[in-house]
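This report refers to the structure that appears directly beneath it.
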Amino acid sequence: MAEEISLTIEADEPPSETVIAAFTYPGMGGMIACNYLIEELDLEQTGYIQADGLPALAPFENGRPYHPTRLHSRSDLDVTVLTSELPVPLHATEVFGRELLTWILDREINEVAILLGVGGLRNVGSSDDIHYVASPDYTEQRLQTADFTPLAGGFFDGITASLVSRAIDTPLRAGVLVTSTRTQGIDPDASLRLVEAVNQLYEFGADTDRLRRFATEIRQHYEQLMQRMQQQDQVREWDQAYM
């Protein structure tokens, strides 16, 4: 019998009303963008998520381990950044997304934006564009003046699908910002487009000059994470995050 999957979410302080999130997908476009925002905006870790019943992952830096799924925020900035380096198998994303959304709604978070790089986007114009899938209230709140293109059709799967499909029937404003990314190796160009999109929508003013150097510095870390995904034979599942 498979082990039951559950999440334990610990936070030192209440999350902000807005959450910007990234999960583990090939190319790591959203993950690198979020981690860059954490550094540039000087956010501090304020919580973490412990997932039981999933393959363990214990990342470390400078000899110290840290939680693969973390919350970062700053007292004078109304945003919490959620990043998850945990490769969640497709069969487990239903529970992961459901429990995460329950926690989001219980904490009266009003808005979630997911940053997503996807390989093999088709029929979407320029590969340098930012595209979106968003609830009507997110579109009205954030996208009225943005020069982004709605994705005409397709579907998400994985954690993104689990969150977005459930958010439809809640008051939560939910948007997915999508750009094309390579599926082999990390893609700092995709991350740059996502950071610039977030800067435009949320007026963070994050400096993007260091982004390519930042991506180079952490390349080995994320390439090792992608190798782990390949070893678990899960790349095929994540590469279908959007179709």
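Tabulated results
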read-out: Any hit, the range 73-80, residues being at pLDDT 90 or above, of a type in the set (Lys, Arg) and open to solvent by less than 20 Å² (accessible area, probe 1.4 Å); value: no
read-out: Residue that is open to solvent by 10 Å² or more (accessible area, probe 1.4 Å), in contact with a Leu (Cβ under 9 Å, 6 or more places away or on another chain) and under 14 Å from ARG74 (Cβ atoms), where the choices are GLU44, GLU40, GLU13; value: GLU40
read-out: Test: residue in the range 83-93 that is under 21 Å from PRO14 (Cβ atoms) and either in contact (Cβ under 8 Å) with a residue 40 or more places away in the chain or in contact with a Ser or Thr (Cβ under 9 Å, 6 or more places away or on another chain) (or both); value: yes
read-out: Answer residue from the range 137-159, given it is open to solvent by less than 100 Å² (accessible area, probe 1.4 Å) and in a loop (DSSP other than H, G, I, E, B) and is nearest to ALA92 (Cα to Cα) among those; value: ASP157
read-out: Residue match in the range 116-123 (condition: over 30 Å from GLU4 (Cβ atoms), at pLDDT below 90, open to solvent by 10 Å² or more (accessible area, probe 1.4 Å) and among the polar types (S, T, N, Q)); value: yes
read-out: Failed item in (1) hydrophobic (A, V, I, L, M, F, W, C); (2) open to solvent by 40 Å² or more (accessible area, probe 1.4 Å); (3) at pLDDT 85 or above, with LEU90 passing the rest; value: (3)
read-out: Residue within the range 182-192 that is within 14 Å of the chain's Cα centre (by Cα), closer than 21 Å to THR18 by Cβ, of a type in the set (A, V, I, L, M) and in a helix (DSSP H, G or I) present; value: no
read-out: Residues that are of a type in the set (A, V, I, L, M, F, W, C) and farther than 20 Å from TYR25 by Cβ, drawn from the range 138-161; value: LEU143, ALA146, ALA152
read-out: Selected residue (only one of ARG166, ARG173, ARG142 is touching a Phe, Trp or Tyr at 6+ places or on another chain (Cβ under 7 Å) and not β-branched (Val, Ile, Thr)); value: ARG173
read-out: Flag for ASP207 being in a loop (DSSP other than H, G, I, E, B), modelled with pLDDT of 85 or more and more than 24 Å from GLN141 (Cβ to Cβ); value: yes
read-out: Condition check for ASP52: at pLDDT below 90, farther than 24 Å from PRO136 by Cα and open to solvent by 10 Å² or more (accessible area, probe 1.4 Å); value: yes
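The values are calculated or read from the model by the stated rules, or taken from the named source; none is laboratory data. Keep in mind it's a predicted model, so treat the numbers as computed, not measured. Using ideal geometry, Cβ is built from the backbone for each residue, glycine included, and neighbour counts are taken over all protein chains shown. The area values use the complete protein model at the heavy-atom level, side chains included, leaving out ligands, DNA and RNA. Shrake-Rupley method; radii C 1.70, N 1.55, O 1.52, S 1.80 Å.
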